Ligand code: SF4
Ligand code: SF4
């Protein structure tokens with residue numbers, strides 16, 4: 001009698017990765033670009049558009065890569081951006 005056991009590894013690796021999101025206060029931004037330059041996962045780029053002060057603020061181009069590490073917030077001299085870690089959902 002043969003028995004076969006198929007073990008399926010749950011595809012939940014992506015669920016274990018740290019997740020987060022970034023909050024941008026566009027009108028505080030002075031367009032220095034530090035946030036986009038220092039984000040370790042390339043979440044941000046600089047907008048071609050202007051805010052009311054005439055600066056190019058950052059835009060999110062890769063939201064799924066944001067870990068909420070807040071490096072962008074630590075580099076921003078104008079408190080115009082910060083990262084937030086998302087709370088994992090309970091099953
Ligand atoms: S670091 Fe702050 S001020 Fe500089 S571009 Fe980013 S949000 Fe704007
Ligand atoms: S919180 Fe971290 S990963 Fe997210 S945009 Fe800011 S620097 Fe990048």
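Some observations on this one:
- Residues that are touching a helix residue (DSSP H, G or I) at 6+ places or on another chain (Cβ under 6 Å) number at least 2 in the following strands (runs of 3 or more DSSP E) confined to segment 31-89: 44-46, 81-85.
- Condition check for residue 65: in contact with a strand residue (DSSP E or B) (Cβ under 8 Å, 6 or more places away or on another chain), surrounded by 14 or more Cβ atoms within 10 Å (Cβ to Cβ) and farther than 20 Å from residue 32 by Cα: no
- Residue 10 being in a loop (DSSP other than H, G, I, E, B) and either within 15 Å of ligand 1 (Cβ to nearest atom) or at pLDDT 95 or above (or both): no
- Selection status of residue 71, over 11 Å from residue 22 (Cβ atoms) and either surrounded by 13 or more Cβ atoms within 10 Å (Cβ to Cβ) or more than 10 Å from ligand 2 (Cβ to nearest atom) (or both): no
- Qualifying residue in segment 29-37 (condition: touching a strand residue (DSSP E or B) at 6+ places or on another chain (Cβ under 6 Å), touching a residue at least 24 places away in the same chain (Cβ under 8 Å) and on the phi > 0 side of the Ramachandran plot): yes
The values are calculated or read from the model by the stated rules, or taken from the named source; none is laboratory data. Just so we're clear, the structure is a prediction, and the values are computed from it rather than from any experiment. Counting neighbours? That spans all protein chains shown, and the Cβs are built from the backbone with ideal geometry, glycine included.
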